[in-house]
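In what follows, a structure is listed as structure tokens, so that the remarks can point back to it.
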Amino acid sequence: MELAFAKLDGLIPAVIQDHATREVLMLGFLNPEALECTQRTGEVHFYSRTRQRLWKKGETSGHVLRVRQLLFDCDADALLIRVDAVGPGVCHEGYRSCFFRELVPDGTTRTVAERAFAVEDVYGRKGAQ
């Protein structure tokens, strides 16, 4: 079965999940080249919509995502990538998961996790990746 890259302008969303704990770590997008690099190297590569280029997760931080399993949905237009996450976190804001904020019923938000690493120590300045 062919993956349906054409549905979203050549990109497929990929949910990144910790293989052991099943915690959702992040969401990213892959184009065919990113998928090929991911399969060839065994480490997750994405297509950055903001930078308009291919990038390997962890190329700056060293916090790479080692692929354990690549799954796709019934419509072949989304991926679930189960990984072993190397390093204390995957979020460029210093958290283990990018999903560290909760939207509460009154419309406010709150942080529901603690930082896993100091952003400044990894990237040299706040939030850069």
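The values are calculated or read from the model by the stated rules, or taken from the named source; none is laboratory data. All of these numbers come straight from a predicted model, not from anything done at the bench. For neighbour counting, all protein chains shown are included, and Cβ atoms are generated from backbone atoms with ideal geometry for every residue, glycine included.
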Within region 43-52, which residues are of a type outside the set (S, T, N, Q) and in a strand (DSSP E or B)? 43, 45, 46, 47
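Can you work out which of the residues in region 49-73 that are polar (S, T, N, Q) and either free of Cβ contacts under 8 Å to residues at least 60 places away in the same chain or surrounded by 15 or more Cβ atoms within 10 Å (Cβ to Cβ) (or both) is nearest to residue 10 (Cα to Cα)?
Kept after step one, since they are polar (S, T, N, Q), are these residues of region 49-73: 50, 52, 60-61, 69.
Now drop any that are not either free of Cβ contacts under 8 Å to residues at least 60 places away in the same chain or surrounded by 15 or more Cβ atoms within 10 Å (Cβ to Cβ) (or both), which leaves 50, 52, 61, 69.
Working: 50: 15, 52: 12, 61: 27, 69: 22 Å.
Top of the filtered list is 52.
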Take region 74-84 and flag every residue that is crowded, with 21+ Cβ neighbours inside 10 Å and either within 12 Å of residue 64 (Cα to Cα) or among the aromatic types (Phe, Trp, Tyr) (or both). 83
Whichever residue in region 85-128 is among the β-branched types (Val, Ile, Thr) and under 18 Å from residue 58 (Cβ atoms) and, among such residues, is surrounded by the most Cβ atoms within 10 Å (Cβ to Cβ): 90
Any residue that is in contact with a helix residue (DSSP H, G or I) (Cβ under 8 Å, 6 or more places away or on another chain) and modelled with pLDDT under 95 - is there at least one of those in region 27-46? no
Looking only at region 9-42, count every residue that is in a strand (DSSP E or B), among the hydrophobic types (A, V, I, L, M, F, W, C) and surrounded by fewer than 21 Cβ atoms within 10 Å (Cβ to Cβ) and tell me the total. 4
